[in-house]
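Peer 1: Structure below; questions to follow.
The values are calculated or read from the model by the stated rules, or taken from the named source; none is laboratory data. Since we're looking at a predicted model, the values are computed, not measured. Note that we place each Cβ from the backbone using ideal geometry, even for glycine, and neighbour counts take in every protein chain shown. Remember, those area values only see protein heavy atoms, side chains included, never the ligands or the DNA or RNA. Shrake-Rupley method; radii C 1.70, N 1.55, O 1.52, S 1.80 Å.
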Amino acid sequence: MQQILSISNLIVVFTTRRGIRREAFRAIDDVSVQIAAGEIVGLVGESGSGKTTLALAACGVGKVTSGSVRAAGHEFSQLRGAARRAAHADVQMVFQDPMVSLDPRQRIGDGLDELRQVHPNRTSRFTNEQLMERVGLAPDILRRIPSQVSGGQAQRVSITRATMLQPKLLVADEPTSGLDATVQDQILRLFRWFREAEGLAILFVSHNLAVVRQLCDRALVMRQGKIVEQGDPDALFENPIHEYTRQLVGAVPGKHARLAISSQ
Amino acid sequence: MKLARFVALKILGGFVTLFFSATLAFIVSRVAGDPTIQMLGLSATADQIVELKAQLGYDRPMLTQYAEFIGHVYRGDLGVSLFTNDNNLSAILERVPASLQLASLAVLLGVLIGIPVGAFAAIREGSMADRVASILSIVAQSVPIFWLGLMLVLVFSLNLGWLPAGFIGDWRNLVLPVVTLAAIPTARIARLTRATMTSILEEPFVRAAFARGLPRRRVVYSHALRNSLLPVVTVIGLQFGILLSGAITVELVFAWPGVGSLATQAVMNRDLPLVQALVVFGAATFVGINIVVDIIYGLIDPRIREKT
């Protein structure tokens, strides 16, 4: 099967200055990940485990200290200028808080137009109105600015913007964590629909095990910059092997973790 | 209709501010000393002083004087000068064009230099250029204005003979006072632009814009800079208000016949009605500019309008 994302032996080191001393911190410690076309892979772990750093590296905006990241056939660290910008069209990202990931003063429709403008050789098959309709939004949203729409609407706009140029890989960093349960459900359905309709591969970062189990084909568990366990989400959460995964499963809110997950 | 309500609220607030400034002007001028002694000289007899006080109405109870003063202010009557017997408002308005010329050119210079310098420093945060800009803006804000003005006169008028040292005339007479007056606004605008822009550049939407493959120029100028200019608009307005209602030092150094030099004369002469009039005029200018800034703010950022 064609690999859409291929990360091998990735190491990301951040250096922080504390007075005159420089401290190195390994945010990602020798991680390898493969994602095939049309596959949805969940990445779970506590905050600070390196999930977001990995996500940013996967879509070519994060730091790479060593190792290689190949996304949709592009090795971002080898690309510069226009070629690099063009490659971004193949790998798009949806961020955690849609309100702050949209320019607060740009009308929604202008944001979509801008993307067409900077990627002129990528054509979207749909007009802005059709794009809105596809994600269940009214066309008048196009004339609004982000503060005039709800969180769920804004996230659907983000997803539209990330998918309108038909990328091969979508990296979603906690895309549902700020939304209430009904809206969360709609967003997840949208991701699944894009996978079915366009064969989109998705790296889905979340701390919510229930959501990962509901959506993903495969799950990776990350801790202190390493992937400690991976496999089928159901198997992983029913019979966690690693102690950390067991703790994560136990940390699911609700009276009984198993019940909370299976009721979803 | 939201905008009309917004404007009405701002204007109402402006009148309240004006009331407090007029009250302050009244109190300060009464505390400052008796103008009749100053006017008649030390050799005046007690009878003469009493007579003049009665003539000017200063012998009446404070509250009566205060009520009358406030009443006049709200009718736009700022009284007459004790010395020239001219109407205060027209005396001030006569001086406004000269001050307006200086103030608007100084603010324009501040905007044209301050915003690009601040934006550049933010993009190259921590670079040599950023440090130089930041040191320069601290220097520009801390150097006394009269000293800066005198130094410019010394170098460019007296030593080099390039530019006239003051007085109203053609564009060459404007250069030195405008540059002197622009020092502080330029530095403030540059610092604020830099500060706002550095924080905006760290916002998720900027990272998101890069992740979508937008060119750096576009991300920086049409997304980051545009969002950084909101607070800068306020500072521009405030600076303009400060400069307009009395660039006292600069007008004194360059013998510029504006509102600032009128204020100096009024204080020297203990011309109480004129001092009061100037304070009220200054406050009104400030309030007016603030209202304009607020409206501009509301126009360019709908989020602010929604909150009122």
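Peer 1: List the number of the failed condition for B:N173; all other conditions in (1) within 14 Å of chain A (Cβ to nearest Cβ); (2) over 30 Å from A:A86 (Cβ atoms) hold.
Peer 2: Status for B:N173: all satisfied but (1).
Peer 1: Please pick out the residue among B:L214, B:L181 that is without any contact (Cβ under 8 Å) to a residue 24 or more places away in the chain and either under 15 Å from the mean Cα position of the chain (by Cα) or over 22 Å from B:I138 (Cβ atoms) (or both). Don't jump to the end; show me each part of the working.
Peer 2: Values: B:L181 fails: without any contact (Cβ under 8 Å) to a residue 24 or more places away in the chain.
Criteria check complete, one pass: B:L214.
Peer 1: Take segment B:225-255 and flag every residue that is more than 16 Å from the chain's Cα centre (by Cα) and either small (G, A, S) or outside any helix (DSSP H, G or I) (or both).
Peer 2: Correct list: B:S228, B:F254, B:A255.
Peer 1: I've got another one for you. Name the single residue that is farthest from the other protein chains (Cβ to nearest Cβ) among those in segment B:178-230 being over 14 Å from A:P104 (Cβ atoms) and polar (S, T, N, Q).
Peer 2: Step by step, filter segment B:178-230, then rank; the result is B:T180.
Peer 1: Could you check how many residues of segment A:57-82 are out of contact with any helix residue (DSSP H, G or I) (no Cβ under 8 Å at 6 or more places or on another chain), assigned to a helix (DSSP H, G or I) and within 28 Å of A:V157 (Cβ to Cβ)?
Peer 2: Filtering segment A:57-82 for residues out of contact with any helix residue (DSSP H, G or I) (no Cβ under 8 Å at 6 or more places or on another chain) gives A:57-58, A:65-67, A:70, A:73, A:75, A:77-78, A:80-82.
Retained after the next criterion (residues that are assigned to a helix (DSSP H, G or I)): A:57-58, A:77-78, A:81-82.
Right, trim to within 28 Å of A:V157 (Cβ to Cβ) and you get A:57-58, A:82.
Going through segment A:57-82 one residue at a time, the tally reaches 3.
Peer 1: Hey, could you check segment A:55-71 for residues that are surrounded by 20 or more Cβ atoms within 10 Å (Cβ to Cβ) and within 14 Å of A:I4 (Cβ to Cβ) and say which is nearest to the other protein chains (Cβ to nearest Cβ)?
Peer 2: A:C59
Peer 1: Got at least one residue in segment B:160-183 being modelled with pLDDT of 85 or more, surrounded by 19 or more Cβ atoms within 10 Å (Cβ to Cβ) and of a type in the set (S, T, N, Q)?
Peer 2: For segment B:160-183, residues modelled with pLDDT of 85 or more, surrounded by 19 or more Cβ atoms within 10 Å (Cβ to Cβ) and of a type in the set (S, T, N, Q): present.
Peer 1: Right, next: List pairs: first in segment A:83-105 and at negative phi and more than 8 Å from chain B (Cβ to nearest Cβ), second part of a helix (DSSP H, G or I) and of a type outside the set (V, I, T), Cβ under 6 Å, 6+ apart or cross-chain?
Peer 2: As it stands, the answer is A:V94/A:S158; A:V94/A:A162; A:P98/A:A154; A:P98/A:Q155; A:P98/A:S158; A:M99/A:P146; A:M99/A:A154, since those pairs meet every condition given.
Peer 1: Now for a separate question. Report every pair of residues separated by at least 6 positions or lying on different chains whose Cβ atoms are under 7 Å apart, first residue within segment A:52-66 and free of Cβ contacts under 8 Å to residues at least 40 places away in the same chain, second open to solvent by 50 Å² or more (accessible area, probe 1.4 Å) and among the basic types (K, R).
Peer 2: So the pair list comes out as A:V61/B:R207.
Peer 1: While we're here: Name the residues in segment B:90-136 that are more than 19 Å from B:T264 (Cβ to Cβ) and basic (K, R), would you?
Peer 2: Hits for segment B:90-136 are B:R124, B:R131.
Peer 1: State yes or no: is A:A154 among the aliphatic types (A, V, I, L, M), in a helix (DSSP H, G or I), buried (at least 20 other Cβ atoms within 10 Å of the Cβ) and within 14 Å of chain B (Cβ to nearest Cβ)?
Peer 2: Numbers: among the aliphatic types (A, V, I, L, M): yes; in a helix (DSSP H, G or I): yes; buried (at least 20 other Cβ atoms within 10 Å of the Cβ): yes; within 14 Å of chain B (Cβ to nearest Cβ): yes.
In short, yes.
Peer 1: Among all residue pairs at least 6 apart or on different chains, which show Cβ distances below 8 Å where the first residue, located in segment B:56-69, is assigned by TED's automatic domain parsing to the domain that holds B:L40 and in contact (Cβ under 8 Å) with a residue 60 or more places away in the chain and the second is polar (S, T, N, Q) and surrounded by 12 or more Cβ atoms within 10 Å (Cβ to Cβ)?
Peer 2: B:F69/B:Q276
Peer 1: Name the one entry in B:G166, B:G213, B:G161 that is on the phi > 0 side of the Ramachandran plot and in contact with a Lys or Arg (Cβ under 7 Å, 6 or more places away or on another chain).
Peer 2: Numbers: B:G166 fails: in contact with a Lys or Arg (Cβ under 7 Å, 6 or more places away or on another chain); B:G161 fails: in contact with a Lys or Arg (Cβ under 7 Å, 6 or more places away or on another chain).
Checking each option against the conditions leaves just B:G213.
Peer 1: I'd like to know if segment A:31-44 contains one or more residues that are in contact with a His (Cβ under 7 Å, 6 or more places away or on another chain) and more than 9 Å from every other protein chain (Cβ to nearest Cβ).
Peer 2: First, pick out the residues of segment A:31-44 that are in contact with a His (Cβ under 7 Å, 6 or more places away or on another chain): A:44.
This time we only want the ones that are more than 9 Å from every other protein chain (Cβ to nearest Cβ), so: A:44.
Yes, segment A:31-44 has at least one match.
Peer 1: Quick check on my filter: what residues within segment A:45-64 are among the β-branched types (V, I, T) and touching a Phe, Trp or Tyr at 6+ places or on another chain (Cβ under 9 Å)?
Peer 2: So the first thing to find is which residues in segment A:45-64 are among the β-branched types (V, I, T), and the list is A:52-53, A:61, A:64.
Within segment A:45-64, A:T53, A:V61, A:V64 qualify.
Peer 1: Examine segment A:110-124 for a residue that is assigned to a loop (DSSP other than H, G, I, E, B), open to solvent by 10 Å² or more (accessible area, probe 1.4 Å) and touching a residue at least 60 places away in the same chain (Cβ under 8 Å), and state whether such a residue exists.
Peer 2: Filtering segment A:110-124 for residues assigned to a loop (DSSP other than H, G, I, E, B) gives A:119-124.
Now drop any that are not open to solvent by 10 Å² or more (accessible area, probe 1.4 Å), which leaves A:120-124.
Narrowing the set further to residues that are touching a residue at least 60 places away in the same chain (Cβ under 8 Å) leaves none.
No, segment A:110-124 has no match at all.
So that you can scan it fast, the table gives a plain yes or no per residue for (1) touching a residue at least 40 places away in the same chain (Cβ under 8 Å); (2) in contact with a Pro (Cβ under 9 Å, 6 or more places away or on another chain); (3) of a type in the set (S, T, Y):
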| position | (1), (2), (3) |
| --- | --- |
| B:T234 | yes, no, yes |
| B:L244 | yes, no, no |
| B:I248 | no, no, no |
| B:V253 | yes, yes, no |
| B:L272 | yes, yes, no |
| B:Q276 | yes, no, no |
| B:V287 | yes, no, no |
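Peer 1: Here is a further query. Can we say A:A260 is open to solvent by less than 50 Å² (accessible area, probe 1.4 Å) and at pLDDT 85 or above? Full working, then the answer.
Peer 2: Working: open to solvent by less than 50 Å² (accessible area, probe 1.4 Å): yes; at pLDDT 85 or above: no.
Here the answer is no, as A:A260 does not meet what is asked.
Peer 1: I've got another one for you. Is there a residue being in contact with a helix residue (DSSP H, G or I) (Cβ under 7 Å, 6 or more places away or on another chain), over 14 Å from B:R270 (Cα atoms) and open to solvent by less than 60 Å² (accessible area, probe 1.4 Å) anywhere in segment B:19-34?
Peer 2: Yes, some residue in segment B:19-34 is in contact with a helix residue (DSSP H, G or I) (Cβ under 7 Å, 6 or more places away or on another chain), over 14 Å from B:R270 (Cα atoms) and open to solvent by less than 60 Å² (accessible area, probe 1.4 Å).
Peer 1: Kindly evaluate B:I92 against the criterion of being touching a Phe, Trp or Tyr at 6+ places or on another chain (Cβ under 9 Å) and open to solvent by less than 70 Å² (accessible area, probe 1.4 Å).
Peer 2: Working: touching a Phe, Trp or Tyr at 6+ places or on another chain (Cβ under 9 Å): yes; open to solvent by less than 70 Å² (accessible area, probe 1.4 Å): yes.
In short, yes.
Peer 1: Please go through segment B:62-116 and pick out each residue that is more than 29 Å from B:G166 (Cα to Cα), in a helix (DSSP H, G or I) and in contact with a helix residue (DSSP H, G or I) (Cβ under 9 Å, 6 or more places away or on another chain).
Peer 2: Correct list: B:M62, B:Q65, B:Y66, B:F69, B:I70, B:V73, B:Y74, B:P116.
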